[in-house]
Amino acid sequence: ILGFSTPPGRLSMMAFILNALTCALGLLYFIRRGKQCLDFTVTVHFFHLLGCWVYNSRFPATLTWWLVHVVCTALMAAIGEYLCMRIELREIPLNSAPKSNV
């Protein structure tokens with residue numbers, strides 16, 4: 001079903017790309033470490049590959065399937081790492097004295 005020539009194929013590809021973007025936000029909220037984003041992303045896509053293999057009873061062999069998943073893996077890892085690094089590189093406040101409102 002993945003392909004550029006049919007509307008359902010294009011819609012499926014857009015769904016995969018949107019899923020990569022939302023999973024990048026999931027990396028931000030659940031992983032919170034830039035160094036672990038690539039590991040988590042590859043693990044999630046590996047389990048997806050295994051699930052597709054079991055569900056279809058054959059290994060995915062189409063070029064478009066692999067291209068879409070490589071692009072989505074790279075997109076999810078890069079955006080997730082960027083978001084996590086922004087959180088990690090925030091300034092740490094040095095003034096730890098309690099503020100009083102008088």
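The values are calculated or read from the model by the stated rules, or taken from the named source; none is laboratory data. Keep in mind that this is a model prediction, so the values were computed, not measured. No Cβ is skipped: glycine too gets one built from the backbone with ideal geometry, and neighbour counts run over all protein chains shown. Surface areas here come from the heavy atoms of the whole protein model, side chains and all, with no ligands, DNA or RNA. Shrake-Rupley method; radii C 1.70, N 1.55, O 1.52, S 1.80 Å.
Only Cα pairs under 8 Å and 6+ residues apart enter the sum, and on that basis the relative contact order of the chain stands at 38 percent. Can you pull the percent of the chain's accessible area that's carbon plus sulfur, 1.4 Å probe, other chains left in place? Ligands and nucleic acids excluded, carbon and sulfur reach 68 percent.
The residues of the stretch 34-85 present an accessible area of 66 Å² per residue when probed at 1.4 Å with all protein chains retained.
Our estimate of slack between Ser12 and Thr43, defined as 0.36 nm per intervening residue step minus the Cα-Cα distance, is 9.0 nm. If R0 equals 25 Å, the separation of the Cβ atoms of Tyr55 and Asn19 corresponds to a calculated FRET efficiency of about 0.90. Between the Cα long axis of helix 63-88 and the first principal axis of the chain there is an angle of about 0°, rounded to the nearest 10.
Against the compact-protein benchmark of 2.2 N^0.38 Å, the Cα-based radius of gyration of the stretch 34-85 scales to 1.26.
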